[in-house]
Amino acid sequence: MPAAITPDRYDADTAAAMTAGSIDGLPSYLGIRTVEVGPATMLAELDVRPELLNPFGTLHGGVVSALVDHVLGAVLYPVIKRGHWAATTEFKLNLLTAVRAGTVRARSTIVSLTRRTAVVQVEVDNDGRPCALAQGTVLIVEPRRS
């Protein structure tokens, strides 16, 4: 866990809400489920469905990218100030092997956290077999003052 994440910066209530509640938009359509959230880590998964496959019968890279982008930012919410939000500024995704069926799980880990930015790594597996790796930078944005 990065030194910047201390027990007083971890909001267990926010983490619990992330695993209990449903999400809207693209994560909902993809069927992303948050499985666990900790002080510097998050695990989310989705089931491979026919409508998520490309014409060659493998999970579309955009689906893996969307899953990665989701956990890249969402992992920060239990450790940043309430009202702030996380905006992905960039990430590098290596697709390691084709995925045809099963469950895809993405575990994000905060590597570095400052007041304004975070670096996050994401390991993705398909039923226990590594299928993608990613690392990205997230901007932490303060709420706008009226």
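The table for this structure:
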item: Qualifying residue in the range 44-51 (condition: open to solvent by less than 10 Å² (accessible area, probe 1.4 Å) and closer than 26 Å to SER112 by Cα); result: yes
item: Set THR97, THR109, THR88, THR117: member being open to solvent by 40 Å² or more (accessible area, probe 1.4 Å) and in contact with a helix residue (DSSP H, G or I) (Cβ under 6 Å, 6 or more places away or on another chain); result: THR88
item: Residues located in the range 11-28, provided they are at pLDDT 85 or above, open to solvent by less than 50 Å² (accessible area, probe 1.4 Å) and either closer than 16 Å to HIS70 by Cβ or of a type in the set (Ser, Thr, Tyr) (or both); result: THR14, ALA15, MET18, PRO27
item: Options VAL104, VAL124, VAL71: the member that is of a type outside the set (Phe, Trp, Tyr) and within 22 Å of THR14 (Cα to Cα); result: VAL71
item: ASN126 being open to solvent by 30 Å² or more (accessible area, probe 1.4 Å) and either small (Gly, Ala, Ser) or farther than 14 Å from MET42 by Cα (or both); result: no
item: Among (1) surrounded by 12 or more Cβ atoms within 10 Å (Cβ to Cβ); (2) over 13 Å from the mean Cα position of the chain (by Cα) - the single one GLY83 does not satisfy; result: (1)
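For every residue, the table says whether it meets (1) in contact (Cβ under 8 Å) with a residue 40 or more places away in the chain; (2) in contact with a Pro (Cβ under 7 Å, 6 or more places away or on another chain); (3) under 20 Å from THR114 (Cβ atoms); (4) of a type in the set (D, E, K, R).
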position: ASP11; (1), (2), (3), (4): yes, yes, yes, yes
position: ALA16; (1), (2), (3), (4): no, no, no, no
position: SER22; (1), (2), (3), (4): no, no, no, no
position: SER28; (1), (2), (3), (4): no, no, no, no
position: ALA40; (1), (2), (3), (4): yes, yes, yes, no
position: GLY83; (1), (2), (3), (4): yes, yes, yes, no
position: LEU93; (1), (2), (3), (4): yes, no, no, no
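The values are calculated or read from the model by the stated rules, or taken from the named source; none is laboratory data. Keep in mind it's a predicted model, so treat the numbers as computed, not measured. FYI the Cβ positions are ideal-geometry reconstructions off the backbone, even for glycines, and counts take in every protein chain you see. With ligands, DNA and RNA removed, areas are computed over all heavy atoms of the protein, side chains included. Shrake-Rupley method; radii C 1.70, N 1.55, O 1.52, S 1.80 Å.
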